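Read the figures in this text as sums done on the coordinates, not as results from a lab. Not measured: the values here are computed from a predicted model. Reconstructed Cβ throughout: ideal geometry from the backbone, glycine too, with neighbour counts over all protein chains shown.
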Amino acid sequence: DGYAPANSGQAYSPSSGSVVSVTQNNPGATGQNHHPISNPIQNAAQDNPNLKGFVTRNGWGTVQASTTEDHRGYQTWHRDVDAKAVEWLRTTTDATLADFCNYMNGVYGTADMTARFGYVYFVPISFR
């Protein structure tokens with residue numbers, strides 16, 4: 001089988017000349033849509049000059065959970081993921097867009113998250 005993304009979206013930053021492509025491969029997913037960039041992550045990213053205004057909840061789109069049990073509202077696992085991402089953003093104040101995408105790929109590449117969402121990829125593309 002070839003790679004066929006179930007969901008994908010892009011966010012564009014005119015000031016940095018960058019795009020982030022968020023792609024999901026989770027055929028047959030039936031669960032809720034999930035914002036990988038939550039409000040807490042979006043708010044923490046505003047303190048980073050490289051990410052401010054670019055890491056936004058709605059701008060990065062959604063991915064779909066594998067089943068309805070994998071994502072129901074703002075569950076404990078979701079709050080834990082957010083807390084860790086917020087801490088990473090607060091301690092990595094010089095993070096670039098590529099650094100942040102690498103961090104998010106690490107989060108969504110864990111066994112727990114791939115079970116919940118299939119394969120989700122964050123790919124930064126720079127035009128400068």
Once the Cβ-Cβ distance between Asn102 and Arg57 is put in as r, and R0 is 25 Å, what FRET efficiency do you end up with, to the nearest 0.05?
0.80
Cα Rg, Dmax (largest Cα-Cα span) when computed across the range 23-123, Å:
13.0, 39
Label-zone membership for the range 89-128, site Thr68, 7 angstrom Cα→C-beta point, backbone N under 18 Å
116-117
If we count every other residue with Cβ under 13 angstrom of Ala95's Cβ, Lys/Arg +1 and Asp/Glu -1, where does the sum land?
-2
Can you tell me the FRET efficiency between Glu87 and Val123 if r is taken as the Cβ-Cβ distance and R0 is 22 Å, rounded to the nearest 0.05?
0.40
Simple Cβ-charge dipole of the range 15-128, Lys/Arg +1 and Asp/Glu -1, about Cα centre, in debye nearest 20:
220
